[in-house]
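The values are calculated or read from the model by the stated rules, or taken from the named source; none is laboratory data. Quick caveat, the model's predicted, so the values are computed rather than measured. Cβ atoms come from the backbone with ideal geometry, glycine included; neighbour counts cover every protein chain shown. To get the accessible areas, we keep the full protein, side chains included, count just its heavy atoms, and leave off ligands, DNA and RNA. Shrake-Rupley method; radii C 1.70, N 1.55, O 1.52, S 1.80 Å.
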Amino acid sequence: QVQLVESGGGLVQAGESLRLSCAASGSTFSFGVMGWYRQAPGKRRELVATISIGGTTTYADSVKGRFTISRDNAKNTVYLQMDSLKPEDTAVYYCNAQTFSTSNWGQGTQVFVSS
């Protein structure tokens, strides 16, 4: 059974940085696209960034230039470096990892950015 374990959330002030990590395990198959999504109170879950197994990345317009997604394929781990954080980045951040047949989610990690 696939498990995704996230870490690195917390409370920071605007302008500061955080780094999220997500370690995936339990799959017989390689993980393809891995990514981060977020959900703010009262809002729908939205895509933040994704990265393919080959390193191709996509970003939401709202985080371009501030967030960087990366992965370590040997460790099945994906990272999200978040710089210049803003109060509107406050949300629960969820990791997602896809195999050829499943889309798997972590439990979420809270990020709170104070102004």
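Using a probe radius of 1.4 angstrom, the carbon and sulfur fraction of the accessible surface of segment 20-115 is 50%. Across all directions, the shadow cast by the convex hull of segment 68-115 built on its C-alpha atoms averages 4.1 square nanometres. Packing here is the average count of other Cβ atoms within 10 Å per residue, and on that basis the peptides 81-94, 51-64, highest first, run 81-94, 51-64.
The protection proxy used here, the mean number of other Cβ atoms lying within 10 Å of each residue, ranks peptides 17-25, 1-9 as follows, highest first: 17-25, 1-9.
For segment 1-64, dividing the convex hull volume of the Cα atoms by the residue count gives 123 Å³ per residue.
Heavy atoms of the protein chains alone define the surface here; on that basis segment 1-106 has 53 Å² accessible area per residue at 1.4 Å probe size.
The accessible area of Phe29, taken with all protein chains in place and a 1.4 Å probe, comes to roughly 110 Å². Semi-axis lengths, largest first, of the ellipsoid equivalent to the chain are 24, 14, 12 Å, with √(5λ) applied to each eigenvalue of the Cα gyration tensor. Around the Cα centre of segment 15-78, unit charges on the Cβ atoms of Lys, Arg, Asp and Glu (plus for the first two, minus for the last two) sum to a dipole of about 140 debye.
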